[in-house]
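K.L.:
Handing you this structure, nothing more for now.
The values are calculated or read from the model by the stated rules, or taken from the named source; none is laboratory data. Computed from a predicted model, the values in this text were never measured in an experiment. So basically every Cβ, Gly included, is an ideal-geometry build from the backbone, and we count neighbours across all protein chains shown.
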Amino acid sequence: MQFIKDFEDGQRINGKYLVSNMTKGITNNGSPYLSITLQDQSGTIEARVWDASTLDEQLFAAGNIVEVTGDVNKYRQALQLKIQSGVKVEVEPEELANFVQASPHSIESLKTRLDEYLDSFQPGDLKDLINALFKKYYDDFLTFPAAVRNHHEFASGLAHHTLDMADLAEAIVKLYPKLDRDMLIAGVLAHDLGKVIELSGPVLPKYTPKGKLIGHISLCSAEILNTAEQLGTDPEVATLLAHMVLSHHGKLEYGSPVLPLTAEAMALSMIDDFDAKMMMIDKAYDDIEEGEFTNRLWALNNSTFYKPTRDE
């Protein structure tokens, strides 16, 4: 694959890219053209289709992955692509990392970690419930982002965030053995599962109508209670797990309809908050050098964070 960051002026390229934006225009002589933004994991480039047809508009609609042949040229000090031909292509889920920012962990490694956690519960109602939920949404969980922006907003970000949280939970249970390990891990695994209904998918994610009108917290709670009813799950087990999901944002003003009222729910809320904030700071650090401050991070009290100088 020819990555956009490696394009050079005067080069003829052929490759597969995601259309992240497309607008129509008219030249001074009245000919239609398309202004397109193509992207892959390495960056974006503006592209043009001249004398565009209705079929071109359908081909280069935002969200499509297209294989294009084109010529790279420099225009106003920036590289631009003149598209000669293109065709829409379908890709396998594991190929999505080529077109969007993706988790540094491969889908296979995330799958292995998820399977280990799903198999780790003591036999009983909780294990049956959590495995039934993931059987329904397994593939989407492994490929969806955890958000549209702020943290883990990349392909497989949902699994990345959730499984890192599960690793934190395992460590915390060793320090606080009165916590119910299986209930805490189940809450961690389920807490954001509603994102696979709230968001449209790993490519150019946006909120679905259900996501906007109901939200991932309520959607997931409903899934837990409905699945539990179908399985004949112990009502207290289902209630405790649903409570963890409903309260995991920690505060009413943060979108949780109830506050954490069990030790496991409180632990889940704190683990979620910690992992999300560390990811935001890590992402901001990527854009600066040591000895500098980040831009203000509105999600972190609009604070700036200093990146210390590390001795080699």
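K.L.:
State yes or no: is Gln122 more than 25 Å from Gly43 (Cα to Cα) and among the polar types (S, T, N, Q)? Steps first, please.
P.N.:
Values: more than 25 Å from Gly43 (Cα to Cα): yes; among the polar types (S, T, N, Q): yes.
So Gln122 passes the test.
K.L.:
Something else now. Specify which of the listed residues (Val100, Val72, Val68, Val91) is under 12 Å from the mean Cα position of the chain (by Cα) and outside any helix (DSSP H, G or I).
P.N.:
Val100
K.L.:
Within region 1-55, can you find the residues that are in contact with a strand residue (DSSP E or B) (Cβ under 7 Å, 6 or more places away or on another chain), surrounded by fewer than 18 Cβ atoms within 10 Å (Cβ to Cβ), charged (D, E, K, R) and within 18 Å of Glu67 (Cα to Cα)?
P.N.:
The answer is Lys5, Arg12, Glu46, Arg48.
K.L.:
Do we find that Gly63 is touching a strand residue (DSSP E or B) at 6+ places or on another chain (Cβ under 9 Å) and crowded, with 18+ Cβ neighbours inside 10 Å in this structure?
P.N.:
Spelling it out, it is not the case that Gly63 is touching a strand residue (DSSP E or B) at 6+ places or on another chain (Cβ under 9 Å) and crowded, with 18+ Cβ neighbours inside 10 Å.
K.L.:
I've got another one for you. Please work out which residue is surrounded by the fewest Cβ atoms within 10 Å (Cβ to Cβ), limiting yourself to region 187-229 and to residues that are touching a residue at least 40 places away in the same chain (Cβ under 8 Å) and more than 20 Å from the chain's Cα centre (by Cα).
P.N.:
Thr227
K.L.:
Before we move on, is Ala171 over 24 Å from Met270 (Cα atoms), part of a helix (DSSP H, G or I) and either out of contact with any strand residue (DSSP E or B) (no Cβ under 8 Å at 6 or more places or on another chain) or basic (Lys, Arg) (or both)?
P.N.:
no
K.L.:
A further question on this structure: Looking only at helices (runs of 4 or more DSSP H) that fall completely inside region 177-285, which ones have 1 or more residues that are out of contact with any helix residue (DSSP H, G or I) (no Cβ under 8 Å at 6 or more places or on another chain) and not assigned by TED's automatic domain parsing to the domain that holds Met22?
P.N.:
Those helices (runs of 4 or more DSSP H) span 209-213, 216-231, 235-247, 263-285.
K.L.:
Output the residue which, of all residues in region 75-97 that are within 18 Å of Asp139 (Cβ to Cβ) and surrounded by 13 or more Cβ atoms within 10 Å (Cβ to Cβ), is modelled with the highest pLDDT.
P.N.:
For region 75-97, the residue satisfying everything is Val91.
K.L.:
State whether the residues of region 155-168 include one that is at pLDDT below 95 and at positive phi.
P.N.:
yes
K.L.:
Moving on to the next point. Is it the case that Glu116 is among the acidic types (Asp, Glu), in a helix (DSSP H, G or I) and either crowded, with 16+ Cβ neighbours inside 10 Å or assigned by TED's automatic domain parsing to the domain that holds Phe274 (or both)? Explain how you work it out, then say what you get.
P.N.:
Numbers: among the acidic types (Asp, Glu): yes; in a helix (DSSP H, G or I): yes; either crowded, with 16+ Cβ neighbours inside 10 Å or assigned by TED's automatic domain parsing to the domain that holds Phe274 (or both): yes.
Taking the combined requirement at face value, the residue satisfies it.
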